[in-house]
Amino acid sequence: MSEVLRAALVIARRDFSAVIFSKTFILFLLGPLFPVVIGMAFGGLGEKITTESLRPTIGVAMTAADGGRMERAHRILSARMGAENLPKLQRAPKGNPRTLLTRPDARFIAIVSGSVERPILTGKSGDLAALEGDVSLLASAALAGERLPHVQVRKQLVAASAGAEAQSRLLTGRAAQVLVFLLTMLLAGMVLSNLVEEKTNKVIEILAAAVPIDAVFLGKLLAMLAMSFVGICFWGSGIVAGVKLLAGPDIAPPTPAVGWPVFLLLGAVYFTMAYALLGSLFLGIGAQAATVREVQTLNMPVTMAQMGIFFFATYAVDHMGSAPEIAAIIFPFSSPFAMIARAAQDASIWPHLLAIIWQACWVAVIIRLGVWLFRRHVLKSGQASGGRLFRRRSAVVK
């Protein structure tokens, strides 16, 4: 066993150095940052469009006096409620409201006519149902005029709120689940492409001739795991620096139930468990494939199954102590995601010790299964290989 471990560390050091010092690793590190930047840019643009351009516009076809009262009420309510929570008002030309709405140059969803005391809202059925309450509020404020009361709210500060704290911890658990899942799916898939490339170049056969095949499997798994932590440290540092720069140094994220040091430690452990489980499966799958197309075909069912497991774990977050959460904790592939969410909401440590031991046992089982598949298929190449999953029929020449 010690010889296998030493050989595995040699293979891990070889693969780790080859990946870390390659030119493409920089692009790999920077790659996930581009979607984040683009998402933030488009998110801000989309919010601006939603709050400004997509707000419904109501045409005001009233007398000048009543129209001015409605606009004044709109300004007062916008200052108190926020302009994005009210439809826009615009003076409509004189004429029949039905005719005005059918004009090609009309930009109104509905038109309010009549008087402030008796407003008449003209428009389609769905628009009337959505805008009736807003028009009623504006007309009521217009009737009150300068007498519109402004009640001063008295504030009482509390040091903590159990409801707000529980909600923030729930959000922290969900965010941790999503982060662990995305990192696992993003980083575990690299094992497949690396393995197929080395099989094509016959590097695997050279390694297997020098060290036990079990050591090759474990070495590759350890190398990809170490490379994953390098990427996580880089991305985590970038996120922390970005938050501090954009949100200011006084930003304080909600504290998980177990505290941030223990939570981060558990996050690293659960990511390791999830990566070892999925990475072992991917290595076993990659050993049966000889081309990238076969890898993609085999990868899809595993990815879809893992997404279903993740959705099951996210459902269990809201039901702590229930049967779904217990099932998610017991099932090995969903256990890391369920337990990291529990760490954000429950301060007890002993469930995590039991869960880590349980997951470690399953990691050993899955690794043994992956080693068996790896040993059985990795050295068999070519179209005539009996170990290949996708075997082509060779033409028979008579």
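Miscellaneous remarks
- Count - residues of the range 99-110 that are of a type in the set (Lys, Arg) and without any contact (Cβ under 8 Å) to a residue 24 or more places away in the chain: 1
- Filter result (surrounded by fewer than 18 Cβ atoms within 10 Å (Cβ to Cβ) and part of a helix (DSSP H, G or I)) within the range 62-73: ALA64, ALA65, GLY68, GLU71, ARG72
Let's see how each residue does on (1) touching a residue at least 12 places away in the same chain (Cβ under 8 Å); (2) in a loop (DSSP other than H, G, I, E, B); (3) surrounded by 10 or more Cβ atoms within 10 Å (Cβ to Cβ); (4) not basic (Lys, Arg):
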residue: VAL112; (1), (2), (3), (4): yes, no, yes, yes
residue: GLU132; (1), (2), (3), (4): no, no, yes, yes
residue: VAL135; (1), (2), (3), (4): yes, no, yes, yes
residue: PRO149; (1), (2), (3), (4): no, yes, no, yes
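- Residue count, the range 74-93 (criterion: among the basic types (Lys, Arg) and in a helix (DSSP H, G or I)): 2
- Scanning the range 228-246 turns up at least one residue that is aliphatic (A, V, I, L, M), part of a helix (DSSP H, G or I) and modelled with pLDDT of 85 or more.
- Qualifying residue in the range 377-387 (condition: on the phi < 0 side of the Ramachandran plot, part of a helix (DSSP H, G or I) and at pLDDT 90 or above): no
- Residues of the range 311-337 that are of a type in the set (A, V, I, L, M) and touching a residue at least 60 places away in the same chain (Cβ under 8 Å): ALA313, VAL317.
- Applying the criterion of being buried (at least 22 other Cβ atoms within 10 Å of the Cβ) and small (Gly, Ala, Ser) to the residues of the range 343-372, the residue that is nearest to the chain's Cα centre (by Cα) is ALA344.
- Near pairs, Cβ below 9 angstrom, 6+ apart or cross-chain, from the range 15-28 (assigned by TED's automatic domain parsing to the domain that holds ALA215 and part of a helix (DSSP H, G or I)) to any residue that is surrounded by 12 or more Cβ atoms within 10 Å (Cβ to Cβ) and among the aromatic types (Phe, Trp, Tyr): VAL19/PHE25; VAL19/PHE28
- In the set GLY126, GLY59, GLY95, only one residue is over 30 Å from VAL153 (Cα atoms), crowded, with 19+ Cβ neighbours inside 10 Å and without any contact (Cβ under 8 Å) to a residue 60 or more places away in the chain; that residue is GLY59.
- Being assigned to a loop (DSSP other than H, G, I, E, B) and under 30 Å from PRO253 (Cα atoms) is a description that applies to GLN156.
- In the range 80-92, of all residues being of a type in the set (Gly, Ala, Ser) and surrounded by 12 or more Cβ atoms within 10 Å (Cβ to Cβ), the one that is farthest from PRO149 (Cα to Cα) corresponds to ALA92.
- Any chance GLU47 is at pLDDT below 90 and of a type in the set (Asp, Glu): yes
The values are calculated or read from the model by the stated rules, or taken from the named source; none is laboratory data. No experiment lies behind these values; they were computed from the predicted model shown. Don't worry about glycine lacking a Cβ; one is built from the backbone with ideal geometry, like all the others, and counts go over all protein chains shown.
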